[in-house]
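Written below as structure tokens is the structure these notes are about.
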Amino acid sequence: MKVQQLLDHHGIARNPFAEEDAQTDPVFKEHCIESTYHPTWDKIYGDPSEPATAIIFGEKGSGKTAMRLQLARHLEHYNQAHPERRLFVVQYDDFNPFLDRFRDRLGGSNRKPERTLAHWKLWDHMDSVLSLAVTGLVDRILEVKQPSQAVNCQIEQSRVDELDRHQSRDLLLLAACYDQSTGETFKGRWHRLRRRLKFHAWQSYWQLAVGWAWLAGWLLLYLLLWWNGHGNLIWPLWLFAIIPLLGFIPWLVKAWKNFWLARGILRRMRVGIHETNPLRQVLMQFQPAELSGQPLPNKDSTDDRYELLLKLQGLLSTLGHHGIIVLVDRIDEPHLVNGSAELMKALLWPMLDNKFLKHPGLGLKLMLPIELTRFIEREERDFYQRSRLDKQNMVPAFEWTGEALFDVATARIRACAAPGRDPALADLFDPSVSQARLIEAFRTLRVPRRLFKFLYQLIASHANAHSDQNPSWKISSNLFESTLALSLRDQDAFDRGVGAG
């Protein structure tokens, strides 16, 4: 018999257990995301009016990505309900672009993963988050057709007009350093942002105007001398070449300073895609006084990054966002890490800094692999003093009880119910398979992903064991136990690192 034939008999319109990844799971996104929660949900979600950090450790398949998607959805609802106190949400879950650029900057023998990540610092994480945030913000201000999906925010154009010149200067500086859009040229997009902000840069051209005025005056003087009969004067070639250029000295000095400033930014902002000359040309649009004393990511330290983060928060406050939430996930998936616990540690550990995790108005939600807990247990006092994990709403094990997994499976079946039907999980099984036995079995599977794999295989095995002419609508106890034994064997192989799970 066919699987769908069995499901239709019980009033289930589609297979509730066909998907294993929350990112591509329509049942979860359309139904369960609003109604099915892990018991630690309140601790992780917290109070959006006061953004706070939470750190979750969970094994593969435990629902960390599902939790991230739930957080994003509920924060979106919060923003809709509180238009004056929205949260700016950044999804920091794709590390590959940043790590690739970072490794390219290092070059040489440092291209080996362990050596590359040994150079990764907290300010590289901060630069990555600022890049995502600024790119998404500029996309919304310029109303591009396909804005960055790494950011969830809503910018009202009337609020953009409320930015004063200093705030416009700050946003343009942030865009110069951190806007990583590839949809248009860097200079073209920056100038479009400048025009949108009505930031006039004509005062920055006075050095160039002096140079052209000097050149014009010099040519005029030469023509007057020639007109008055002094054209036969012998002019030294070097004098004729140098004197017209003297007027451009102020502009050349400014260009030289901005060249080295741009070069310093690109050397220290190691996760970006900009080039020196375009960045120099953008920096030339500012007056020297507007750049003097401003924080820029041109040092190997976090101090300027914190100041830039504060500037971004000030801009977002004017634009109606009182806080920033950063959702960190999939730290084990970058190809440079490739699932290695040691490399995950090298990538994550710089971020575990209490000053960063407790930065006012910033809340980080870190969904982390359970393998990292063994490194935390081995750390010494200095690490705990720096990270202050006791203050970070830490969930040391993202665990599921058998009862919670039973509720998850039941919720998915009801989400897939045919119109007018109310199926239950127990309806699929022979009466000899009691609810208590189901809960006990689900407890041994530990996480939702393995539960879904088990139930999918169980339903498929039952359908394959019967013909269309002689169907059976109840899964027997013997098939339940034998399929569970196979699932537990695969689970044990996965735990030992020799199976796919």
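Results, tabulated for the structure shown:
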item	result
Count - residues of the stretch 192-206 that are in a helix (DSSP H, G or I) and either basic (Lys, Arg) or surrounded by fewer than 16 Cβ atoms within 10 Å (Cβ to Cβ) (or both)	8
Options ILE413, ILE439: the member that is in contact with a helix residue (DSSP H, G or I) (Cβ under 8 Å, 6 or more places away or on another chain), of a type in the set (Val, Ile, Thr), surrounded by fewer than 19 Cβ atoms within 10 Å (Cβ to Cβ) and touching a residue at least 24 places away in the same chain (Cβ under 8 Å)	ILE439
Enumeration of residues in the stretch 389-404 that are more than 27 Å from PRO360 (Cα to Cα) and among the aromatic types (Phe, Trp, Tyr)	TRP400
Flag if SER62 is of a type in the set (Ser, Thr, Tyr), part of a loop (DSSP other than H, G, I, E, B) and surrounded by fewer than 21 Cβ atoms within 10 Å (Cβ to Cβ)	no
The stretch 274-300, residues that are within 28 Å of the chain's Cα centre (by Cα) and in a loop (DSSP other than H, G, I, E, B)	HIS274, GLU275, GLN294, PRO295, LEU296, PRO297, ASN298, LYS299, ASP300
Top-ranked residue in the stretch 88-102 [being in a strand (DSSP E or B) and aromatic (Phe, Trp, Tyr); ranked as surrounded by the most Cβ atoms within 10 Å (Cβ to Cβ)]	PHE88
Within the stretch 19-34, tally of residues that are part of a loop (DSSP other than H, G, I, E, B) and in contact with a helix residue (DSSP H, G or I) (Cβ under 6 Å, 6 or more places away or on another chain)	2
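Quick note: the coordinates plus some simple rules give every number you see, no bench work behind them. From a predicted model like this one, the values you see are computed outputs, not experimental measurements. Note that we place each Cβ from the backbone using ideal geometry, even for glycine, and neighbour counts take in every protein chain shown.
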